[in-house]
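Have a look at the structure below, then the notes.
The values are calculated or read from the model by the stated rules, or taken from the named source; none is laboratory data. These numbers were taken from a predicted model, which means no experiment stands behind them. Cβ atoms come from the backbone with ideal geometry, glycine included; neighbour counts cover every protein chain shown. Side chains are part of the model used for accessible areas, which takes the heavy atoms of the whole protein and leaves out ligands, DNA and RNA. Shrake-Rupley method; radii C 1.70, N 1.55, O 1.52, S 1.80 Å.
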Amino acid sequence: MLKITPYLGILVLIVSIGGLWYPALGYFMLLIFAAIFLSSPFRGRWFCGNLCPRGSLVDFGVSKISKKRKIPDAFRSLWVRLPIFFLMMGFMGYRVASTIGGLNTFEKIGMIFVMMCLVTTSIAVLLGTFLSPRAWCSFCPMGTAQRFIGGNKYQLKLEKDKCVNCKKCEKVCPMQLKICQTGANPDCIKCGRCVSICPRDALHF
Ligand code: SF4
Ligand code: SF4
Ligand code: SF4
């Protein structure tokens, strides 16, 4: 992760709450979309583990009060994730398209982004508190998009001959991935926690 990663969570609070008074803040979401679509073809879900303000909020804020339970397997299922992706993107596209051309279009579209950010952040915080900090990130539409765009890029590599199966890597993985069994996973967010903690230097990108 980057040195600034722990401090980015404040941005999602500024957009979600400040945006209710200043809808223009919602356009910050366009910057997020641009960063996602520029980084994911080369680094998969790297954005999620290093630059996403919501990811930072749940990792470094919500995790302090989280129950830290197991993330349900259904959350990772594409049968769940794809309908959520198409429903949310379709709904947002419909709201934006039906707003264009009316009065105060700039503010109204900004408010659509603000509400989208507020609703999804609220769900992420609730799931993060009562389940696991990264529960939302298991099926977040933007995470799913990055998985499909670059899930096979910049993958984690496990040197099996060095591994002593201590599972320290899995204990620190915020996405609760089975690193020792499956190694590379398209939902790895490239946070690097497993690499740092491995006592045998068996993991690298
Ligand atoms: S899955 Fe979504 S909320 Fe989580 S870090 Fe990635 S883009 Fe952000
Ligand atoms: S922390 Fe390293 S040695 Fe331990 S299980 Fe993970 S990869 Fe293997
Ligand atoms: S496998 Fe390692 S780099 Fe990937 S999300 Fe888990 S801890 Fe982070």
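Our note on the geometry: Cα centres of region 97-148 and region 46-96, 9 Å apart. The mean accessible area for residues of region 81-191, using a 1.4 Å probe and ignoring ligands and nucleic acids, is 50 Å² per residue. Dipole magnitude for region 157-204: about 100 debye, using +1 per Lys or Arg Cβ and -1 per Asp or Glu Cβ, origin at the Cα centre. Note on Leu30 and Trp79: their simple-model spin labels are 4.0 nm apart, each label 7 Å out from Cα toward Cβ.
Among the helices of the chain, those built from whole DSSP H runs whose Cα atoms reach 18 Å or more along their own axis and whose mean Kyte-Doolittle hydropathy is at least 1.0 are 28-43, 78-99, 105-130.
Of the solvent-accessible surface of region 1-150, computed with a 1.4 Å probe and all protein chains present, 76% belongs to carbon and sulfur. What list of whole percents do you get for P(r) of the chain, with Cα-Cα distances grouped in 10 Å bins up to the one holding the largest distance? Per 10 Å bin, starting at 0, the Cα pair percentages come out as 9, 33, 36, 16, 5, 1, 0. Between Leu13 and Cys166, the contour length at 0.36 nm per residue exceeds the alpha carbon distance by 51.3 nm. Of the cross-linked pairs Lys64/Lys190; Lys64/Lys171; Lys67/Lys190; Lys168/Lys190; Lys67/Lys108, those separated by over 27 Å at the C-alpha level are Lys67/Lys108.
Ranking Met89, Ser132, Met116 by how far each Cα lies toward the positive end of the dipole of region 65-161 (charges on Cβ) leaves Ser132 at the top. Rounded to the nearest 0.05, the FRET efficiency derived from the C-beta distance between Phe130 and Phe42 at R0 = 45 Å is 0.80. Across the chain, C-alpha contacts under 8 Å between residues 6 or more apart give a mean separation that, scaled by the residue count, equals a relative contact order of 29 percent.
Scoring 3-12, 188-197 by mean Cβ neighbours within 10 Å over their residues and listing the highest first yields 188-197, 3-12. So if we plug the beta-carbon distance of Ser98 and Lys67 into 1/(1 + (r/R0)^6) with R0 = 41 Å, what FRET efficiency do we get, rounded to 0.05? The formula returns an efficiency of 0.55 here. For region 157-204, the share of accessible area belonging to carbon and sulfur comes to 51 percent (1.4 Å probe, ligands and nucleic acids excluded). Note on Ile197 and Ile123: the model spin-label points, each 7 Å out from Cα along the C-beta direction, lie 2.8 nm apart.
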